[in-house]
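S.K.: Have a look at this one before I ask anything.
Read-outs: derived from the displayed coordinates by stated rules, not from any lab. Keep in mind the model is a prediction, meaning the values are calculated, not measured. Reconstructed Cβ throughout: ideal geometry from the backbone, glycine too, with neighbour counts over all protein chains shown.
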Amino acid sequence: MTKHVIGLTGGIGSGKSAATEAFKSLGISIVDADEVARDVVAVGSEGLQHIVARFGRGILLEDGQLNRPALRERVFSHEGDKHWLNQLLHPLIRAKMLADIGAAPSAYCILSVPLLIENNMENLCDRVIVVDCPESLQLSRALQRDGSSRETIESIMASQASRSERLEKADDVINNTGSLDELHEQVALLHQQYVKHFNLSA
């Protein structure tokens, strides 16, 4: 794989999605693990068939799509179900991400993965960006955005790498404690650095 791959990660509520969108606005191809994860459990997919077989049709919405909040509540309160789901989805997600990286048209691509560090996927990347903010800010943002309970958000945070663990793996850090404009300025600067570092055409 000759394409340059920049891993981008951050804990829930850190602003990872906003940073990903900022790179996309610069014309950079995005391989987003969250989107890939939705694709592998889309209606008619093998992944969804296995999930229904284990949890029953009650795990579906009326239109046949996966009820993701219901599934998330279930797996984060049942360790065995969480392990089973990870064993099912991670190989499917990884295979599709690799295919999407290979098909990406831009000179480098962003591999946006919430669990990049936890799943030891740094080996797929030339560099790793961590979108960083205090854990208290992560929690408040996630509560405003997700509609999940505080207990669920705290369980998700506890299951992810700690802030210090992520920062130890970072080649580049985006500080997302300020405004969206400030985040975009940091992304633009990193883009310029990557173009120079990899001897790419801007």
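S.K.: Using R₀ = 25 Å, calculate the FRET efficiency as 1/(1 + (r/R₀)^6) where r is the Cβ-Cβ separation of ARG68 and ALA188; round to 0.05.
M.R.: FRET efficiency, ARG68 to ALA188: 0.15.
S.K.: Could you tell me what percent of the DSSP beta bridges with both partners in the chain are antiparallel, to the nearest 5?
M.R.: Beta bridges within the chain, antiparallel portion: roughly 5 percent.
S.K.: Given the rule -39500 (n - 2.57) for each run of at least 4 DSSP H residues, summed and divided by the residues of the chain, what is its mean residue ellipticity at 222 nm, to the nearest 500 deg cm²/dmol? Walk me through the numbers before you get to the answer.
M.R.: On the way: 9 runs with 107 residues, N = 202.
Computed mean residue ellipticity for the chain: -16500 deg cm²/dmol.
S.K.: Moving on. Mind putting a number on the dipole of the range 1-130 about its Cα centre? Charges go on the C-beta only, +1 for Lys and Arg and -1 for Asp and Glu, and I need it in Debye to the nearest 20.
M.R.: Dipole of the range 1-130, to the nearest 20 debye: 80 debye.
S.K.: I need to check one value: relative contact order of the range 24-180, counting alpha carbon pairs closer than 8 Å and at least 6 residues apart, in percent.
M.R.: 28 percent
S.K.: If you fit an axis through the alpha-carbon atoms of helix 46-55 and take the longest principal axis of the Cα set of the chain, what angle between them do you get, 0 to 90°, nearest 10?
M.R.: The answer is roughly 40 degrees.
S.K.: Please order ARG166, ARG74 by the number of other Cβ within 10 Å, starting at the fewest. List each step's numbers first, then the result.
M.R.: Details: ARG166 22, ARG74 15.
By the 10 Å Cβ count, ascending: ARG74, ARG166.
S.K.: Would you calculate the separation in nanometres between label points at GLU21 and ARG54, each defined as 7 Å from the Cα along the Cα-to-beta-carbon direction?
M.R.: Each label point is offset 7 Å from its Cα along the Cβ direction, giving 3.1 nm.
S.K.: On to the next question. With springs connecting C-alpha atoms under 10 Å apart, model the chain as a Gaussian network and identify which of ILE153, ILE30, ILE59 has the largest mean-square fluctuation.
M.R.: Maximum fluctuation in the GNM of the chain, among the listed residues, is at ILE59.
S.K.: How far is helix 79-103 tilted, in degrees, relative to the longest principal axis of the Cα atoms in the chain, given as a value from 0 to 90 rounded to the nearest 10?
M.R.: The answer is roughly 40 degrees.
S.K.: In addition: Where in the range 1-31 does the label zone of LEU180 land, with the point 7 angstrom along Cα→C-beta and an amide N cut-off under 15 Å?
M.R.: Residues 15-26 qualify, since their backbone N sits under 15 Å from the label point.
S.K.: Over the chain, with a Gaussian network built from C-alpha contacts below 10 Å, which listed residue (ILE12, ILE117, ILE51) shows the highest mean-square fluctuation?
M.R.: ILE51
S.K.: Return an integer: the convex hull volume of the alpha-carbon atoms of the range 42-176, in Å³ per residue. It would help to have the intermediate numbers written out before the result.
M.R.: Working: hull volume 19.5 nm³, N = 135.
Enclosed volume per residue, from the Cα hull, is 144 Å³.
S.K.: Still on this structure, I have one more. Relative to 2.2 N^0.38 Å, what does the C-alpha radius of gyration of the range 8-66 come to as a ratio? Two decimals please.
M.R.: Taking N as the residue count of the range 8-66, the ratio is 1.46.
S.K.: Then there's this: Eight or more residues apart or on different chains, and alpha-carbon atoms under 18 Å: count the Lys pairs in the chain matching that.
M.R.: Step by step, the pairs that qualify in the chain add up to 5.
S.K.: Specify which residue in the list GLY80, LEU8, GLY27 is farthest towards the positive end of the charge dipole of the chain, using unit charges on the beta carbon of Lys, Arg (+1) and Asp, Glu (-1), about the Cα centre.
M.R.: Value: GLY80.
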